Amino acid sequence: MGKKLVIIGFVLSLLLAIYIFATHETRSLKESINKASVREPRAVLEDFVAYRYEGDTLKARLNAHLAEFFEPNVVVLEGEVSGERRTEGGEREEIGAESASAYFKPSSLTKMLDPTQANELERAELTGFVEVKIKDHLLTTDYAEYVNEDKIVHSSHPVRVEGPGRVFVGDSGFVYNLSTQILNMTGKVKGEVSVDKSEN
């Protein structure tokens, strides 16, 4: 009788171990499939160009070699990302980067692609050789984030700003307010300013 109990206990333990192993493998396979499907874009467009009009007036343009649309509301642009927009005063602002990620407010990709929806941008990240041209100034860095609610572009990475007769380099980033057009450079800042002596 004791031998039979030991054998039954052994068989039950073996079956339990096989069940745990089988369900663990199935669960791991499901998790890896789900993770892969989350990373896969729902739509991919080559030679991507987007325009924004107000009436018949072109207000902004954005283009990249590749655009990947991820659920629920993310667009990733790759390869020579560039864009420009016209301010209220008619001035042209330009951006450029190797890649950009844009996060929108709509809760699904379907709503985001619906032209009747107000697809407001929440924030965007620019990476790799980031250039921002505003008026006669060029700002360069390797990472910047735009926050739409505050209308600011900011970064904690080193930044270089060039303008007519001046160059400033900051080692700890910047904050640029699009509404006030004020640039604050944080940390240590070095600069060179040329003075035109012919004006004196």
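Details
- Residue within the stretch 66-77 that is closer than 28 Å to residue 172 by Cβ and assigned to a strand (DSSP E or B) present: yes
- Test: residue in the stretch 46-62 that is among the β-branched types (Val, Ile, Thr) and either outside the structural domain of residue 128 (by TED's automatic domain parsing) or under 22 Å from residue 147 (Cβ atoms) (or both): no
- Residue count for the stretch 135-152 satisfying the condition of being among the basic types (Lys, Arg) and assigned to a strand (DSSP E or B): 0.
- Failed item, numbered, when residue 68 is tested on (1) more than 14 Å from the chain's Cα centre (by Cα); (2) acidic (Asp, Glu); (3) under 20 Å from residue 122 (Cα atoms): (1)
- Flag for residue 162 being in a strand (DSSP E or B), charged (D, E, K, R), at negative phi and in contact with a strand residue (DSSP E or B) (Cβ under 8 Å, 6 or more places away or on another chain): yes
- Residue 81 falls short on exactly one of the conditions (1) assigned to a helix (DSSP H, G or I); (2) within 15 Å of residue 144 (Cα to Cα), and that condition is (1).
The values are calculated or read from the model by the stated rules, or taken from the named source; none is laboratory data. Model, not experiment: these values are computed from the prediction. All Cβ positions, glycine included, derive from the backbone under ideal geometry; neighbour counts span all protein chains shown.
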